[in-house]
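> Attaching a single structure in structure tokens format; questions to follow.
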Protein chains: 2
Amino acid sequence: MPEDTPNPFTFDIQFGENITLSSYDNHIVRHLSNMRGQFLDSEAYQRMLDEDDRLLYEVYEIHRPEVPGELLHGISIVHPGKVGDEYYMTKGHFHTVLDTAEVYYCLRGRGFMVMENPQGNWSVEPLRPQSVLYVPPCWAHRTVNTSAEEDLVTFFVYPGDAGHDYGSIEKQGYRKLVVERDGTPAIVDNPRWLPPEKR
Amino acid sequence: MPEDTPNPFTFDIQFGENITLSSYDNHIVRHLSNMRGQFLDSEAYQRMLDEDDRLLYEVYEIHRPEVPGELLHGISIVHPGKVGDEYYMTKGHFHTVLDTAEVYYCLRGRGFMVMENPQGNWSVEPLRPQSVLYVPPCWAHRTVNTSAEEDLVTFFVYPGDAGHDYGSIEKQGYRKLVVERDGTPAIVDNPRWLPPEKR
């Protein structure tokens, strides 16, 4: 092992009106314009975008070397809102090293993790404060905020060498969408989704 | 990838008088008798043991395959108390795959993580609720509870293939001890510790 192994470090998750980190290396912001093609209702998307390029979600990351054995970690914040009747969500991704897992711990808010594997199997698991979610190796995953007012905030940990593959799932979309029906969240089929054998 | 990829799953961290998990696979208990040779004051240790083989700490684990890409996770609970003037602590370990990290998120209590790498460099970081601690690859780590009344509870995540090597650090002990001095925690040298070149 190298002589210059980095020192251990500590930081705090600060629970105020917003949840913040006492230190971090990278702040990623994703606006509506970064999500073209992701929401089913493309007309509603364009109308919203013409008004304002809203902030949909943010990620605060701690930098670590992107190698096996290290653990990348940080927090994800999805703001409340909808495009048409579809709730704000992250783009979602497979890991580039497909067989790597991810652990989420929900700090605040209400929502779902929408997941899917390359065979087209799907899973939608609830997120609420103090819940731990395990995304096993090989499952694409996207966070959806179903609250009308509150951020959905999660702490995440994944292997250093995992990487992010956004393209594969972007092409055919996720099998399931989370939309508002009669004032409550509903999990519905994505009419644009294609099963693996038809892609 | 195999057709039978396991499904994603969720469980809750339940904050009551004790912190518990809504589901888990394994419950590890470590009593005073499991910690022979770990505390500096061996007479105080033996006196306590003759009275009662107290419960020092517990771990609740979620089972995952022990392979790279998976993430092992669970909670660790160190109860309050002292052996002589040395606070209750975990045995601590290197990972068998030495260059694997671990992330801790403190859920309750007060204490320290005592760490050391094979070169004999040391680090002692505080643990308090909402603090995240990163144990980089190659650092042995031990949790110490410095509260007089409260459990020290942490949520942990580490790579599936990491493994636990208790023996290496057990032989020479940690370089630093956490003891009570004038009613407050103090970090002191371990008189039994040997530098790498003298082992």
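> Cross-chain or 8 or more residues apart, Cα under 13 Å: how many lysine pairs in the protein assembly as shown fit that? Count them up, please.
4
> Counting only the backbone N, which residues of the stretch A:117-145 are under 14 Å from the spot 7 Å out from the Cα of A:Arg181 toward its beta-carbon?
none
> Taking only Cα atoms, what is the 0 to 90° angle, nearest 10, from helix A:42-51's long axis to the longest principal axis of chain A?
Taking Cα atoms only, the helix is inclined about 70 degrees.
> Still on this structure, I have one more. Looking at B:Leu194, B:Val103, B:Asn7, which one has the Cα that reaches farthest to the positive end of the dipole of chain B (charges on Cβ: Lys, Arg +1; Asp, Glu -1)?
Towards the positive end, the residue furthest out is B:Leu194.
> Another one. Defining a contact as two alpha carbons under 8 Å apart and six or more residues distant in sequence, what relative contact order in percent does chain A show?
Taking the mean separation of contacting Cα pairs over the length of chain A, I get 21 percent.
> Between A:Tyr88, A:Tyr60, A:Tyr134, find the one with the highest GNM mean-square fluctuation for chain A; connect C-alpha pairs within less than 10 Å.
A:Tyr134
> Can you give the FRET efficiency to the nearest 0.05 for A:Val67 and A:Phe11, using r as the Cβ-Cβ distance and R₀ = 25 Å?
Working: r = 21 Å, r/R0 = 0.85.
Efficiency computed from Cβ-Cβ geometry: 0.70.
> Tell me whether the stretch B:122-183 comes out rounded, prolate or oblate; compute the Cα gyration tensor, take square roots of the eigenvalues as a ≥ b ≥ c, and use a/c under 1.5 as the rounded threshold.
Details: a/c = 2.11, a/b = 1.26, b/c = 1.67.
It comes out oblate by the Cα gyration axes.
> Could you calculate, for the stretch A:20-101, the ratio of the Cα radius of gyration to the Kirkwood radius, expressed as Rg to Rh?
Taking Rg over the Kirkwood Rh, I get 1.05.
> Here is a follow-up. For B:Ser22 and B:Asp165, calculate 0.36 nm times their separation in residues minus their Cα-Cα distance, and state this gained length in nm to one decimal.
Here the answer is 48.6 nm.
> Related question: Excluding B:Val103 itself, calculate the net charge of residues whose Cβ lies under 11 Å from the Cβ of B:Val103, where each Lys or Arg counts +1 and each Asp or Glu counts -1.
Values: positive: A:Arg64; negative: A:Glu70, B:Glu102.
Charge balance in the 11 Å sphere: -1.
> Can you list residues from other chains, or at least 5 along the same chain, whose modelled amide H is less than 5 Å from the amide H of A:Gly111?
The answer is A:Leu127, A:Thr146.
> Taking every residue in B:86-99, how many Cβ atoms of other protein chains lie within 10 Å of its Cβ, on average?
1
> When the solvent-accessible surface of protein heavy atoms is calculated with a 1.4 angstrom probe, in what order do B:Lys198, A:Lys171, B:Lys91 fall, highest first?
A:Lys171, B:Lys198, B:Lys91
> Okay, next question. Going by the alpha-carbon gyration tensor, a ≥ b ≥ c the square roots of its eigenvalues, is the stretch A:53-128 rounded (a/c under 1.5) or, if a/c is not under 1.5, prolate (a/b greater than b/c) versus oblate?
The shape class here is oblate.
> Choose one answer from A:Glu51, A:Glu102, A:Glu66: the residue with the largest mean-square fluctuation in a GNM of chain A with alpha-carbon springs under 10 Å.
Maximum among the listed residues: A:Glu51.
> Given bins 10 angstrom wide, list per bin the percent of all Cα-Cα distances in the stretch A:61-199, short to long.
12, 42, 35, 10, 0
> With a Cα-only, solvent-free Debye model of the protein assembly as shown, what are the log10 I(q)/I(0) values at q = 0.10, 0.12, 0.15 Å⁻¹?
Here the Debye-derived log intensity ratios amount to -0.69, -0.94, -1.34.
> With +1 assigned to the C-beta of every Lys and Arg and -1 to the C-beta of every Asp and Glu, and no other charges, what is the dipole magnitude of the stretch A:9-130 about the Cα centre in debye, to the nearest 20?
200
> Counting Lys and Arg as +1 and Asp and Glu as -1, each charge on the Cβ, what is the dipole of the stretch B:52-199 about the Cα centre in debye, to the nearest 20?
Numbers: 15 positive and 22 negative charges, 73 e Å.
Charge dipole, the stretch B:52-199, about its Cα centre: 340 debye, nearest 20.
> log₁₀ I(q)/I(0) of the stretch B:1-140 at q = 0.13, 0.16, 0.18, 0.21 Å⁻¹, via Debye over equal Cα point scatterers, no solvent, to two decimals?
With no solvent term, the Cα-only Debye profile gives -0.71, -1.05, -1.27, -1.50.
> Still on this structure: Which residue fluctuates most in the GNM of chain A (Cα springs below 10 Å): A:Pro68, A:Pro137, A:Pro126?
Maximum among the listed residues: A:Pro68.
> Continuing with this model, one more query. Taking the Cα centre of the stretch B:3-54 as origin and charging only Cβ (+1 Lys, Arg; -1 Asp, Glu), how large is the dipole, in debye to the nearest 20? Intermediate values should be presented prior to the final figure.
Values: 4 positive and 11 negative charges, 38 e Å.
Approximately 180 debye in magnitude.
The values are calculated or read from the model by the stated rules, or taken from the named source; none is laboratory data. Bear in mind the structure is a predicted one, so any value in this text is a computation, not a measurement. Note: ideal-geometry Cβ built from the backbone for every residue, glycine included; neighbour counts use all protein chains shown. Protein only, heavy atoms only, side chains kept; ligands, DNA and RNA dropped before computing areas. Shrake-Rupley method; radii C 1.70, N 1.55, O 1.52, S 1.80 Å.
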